[in-house]
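Q: Just dropping this structure here.
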Amino acid sequence: MPNEDSTKAKAVGIAGLPRGWAVAVQLVGTFGLAVFLVLYYVLVMQPKEAERYEQLRQSVTSLGEIVAGQQSLLTREQASRVEDLFVMATAHEVADLVVNELRNESTAAELGKVIEDKLIFQTRLLEGLRQKHGGAISEMLTHRIRNSRISEGIGQRAVAEWRNAEHKAIANECRDALTVAIKRAAMAK
């Protein structure tokens, strides 16, 4: 029984408290509550508050840059959907160009140049949209249009195969060709 009393005695008082609490009780007992609160603020609360403030400052700065640039950050999936919408919207305009240029007896090279100019011009509608952790959507599309040489391909196919095709069929072919070329260029990254 004497051993039980000695273990209970050790667990009572400041020694029985966890180390952090024991130090706090000793500080309050020795220097007073005011000194303890000042030390607690300086050593514990203020560093945490400073870290939180720095994170908040960085977030506000980042948000300010986004707003100042009038940019919308898109996920990879959203960027892909915007590209699909771009293709759907421009396919009919490209088909209109093809029909008009075929009527004017344009060559495949001339038609390809007109199509590329139109596609590049239309990418300006996507300015301000940025992919998270990536570049501007309009710049990426412009790069893909130029590097895929899709305009030349459409021009060659139009002169060779589409002279007597209906406008809707040409629009569908243009849409399919643009979709394949842009997706293939995206995969090549």
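Q: What figure in square angstrom, to the nearest 10, would you give for the accessible area of E127 with a 1.4 Å probe?
A: So the heavy atoms of E127 present about 130 Å² to solvent.
Q: Using only the heavy atoms of the protein chains and a 1.4 Å probe, how would M187, M45 rank by accessible area, largest first?
A: From most accessible down to least: M187, M45.
Q: What order do you get for 162-169, 22-29 when each peptide is scored by the mean count of other beta carbon atoms within 10 Å, highest first?
A: Order by mean packing, descending: 22-29, 162-169.
Q: Something else now. Where the eigenvalues come from the Cα gyration tensor of segment 86-168, what are the semi-axes √(5λ) of the equivalent ellipsoid, largest first, in whole Å?
A: In descending order the semi-axes read 27, 12, 9 Å.
Q: Sorted by accessible area (1.4 Å probe), largest first, how do R184, R76, R175, R144 line up?
A: Ranked list, largest accessible area first: R76, R184, R175, R144.
Q: With angles folded into 0 to 90 degrees, how steeply does helix 108-122 sit against the dominant principal axis of the chain? Use alpha carbons for both and round to 10.
A: So the helix axis and the longest Cα principal axis differ by about 30 degrees.
Q: Working from Cα positions, state the angle (0 to 90°, nearest 10) between the long axis of helix 167-187 and the longest principal axis of the chain.
A: Once rounded, one gets 40 degrees.
Q: So how strong a dipole does the chain carry about its Cα centre when Lys and Arg Cβ are +1 and Asp and Glu Cβ are -1, to the nearest 20 debye?
A: Computed about the Cα centre, the dipole is about 560 debye.
Q: Taking the Cα centre of segment 96-189 as origin, work out the dipole magnitude from +1 charges on Lys and Arg Cβ and -1 charges on Asp and Glu Cβ, in debye rounded to 20.
A: Its charge dipole is roughly 520 debye.
Q: Cα gyration tensor of the chain, axes a ≥ b ≥ c as square roots of the eigenvalues: rounded (a/c below 1.5), prolate (a/b > b/c) or oblate?
A: prolate
Q: Name the residue farthest towards the positive end of the dipole of the chain from the options I150, V35, V114, assuming +1 on Cβ of Lys and Arg, -1 on Cβ of Asp and Glu, about the Cα centre.
A: The listed residue farthest towards the positive side: V35.
Q: Roll a 1.4 Å probe over the protein heavy atoms and report the accessible area of T90 in Å², nearest 10.
A: 10
Q: Also, quick follow-up: Order R19, R57 by their accessible area, 1.4 angstrom probe, all chains in place, largest first. Write down the numbers at each step before the final one.
A: On the way: R19 195, R57 105 Å².
The most accessible residue leads, giving R19, R57.
Q: Continuing with this model, one more query. Below 8 Å, C-alpha to C-alpha, sequence gap of six or more: please give me the relative contact order for segment 47-180 in percent.
A: Rounded, it is 34 percent for segment 47-180.
Q: Okay, next question. What percent does the relative contact order of segment 124-184 come to when contacts are Cα pairs within less than 8 Å and at least six residues apart?
A: Taking the mean separation of contacting Cα pairs over the length of segment 124-184, I get 31 percent.
Q: Once neighbouring chains are kept in place and the probe is 1.4 Å, which whole percent of the accessible area of the chain is contributed by carbon and sulfur?
A: In the chain, the share of accessible area belonging to carbon and sulfur is 57 percent.
The values are calculated or read from the model by the stated rules, or taken from the named source; none is laboratory data. Not measured: the values here are computed from a predicted model. Heads up, the Cβs are rebuilt from the backbone with ideal geometry, glycines too, and the neighbour counts pull from every protein chain shown. Quick note on the areas: whole protein, heavy atoms, side chains included, nothing else; ligands and nucleic acids left out. Shrake-Rupley method; radii C 1.70, N 1.55, O 1.52, S 1.80 Å.
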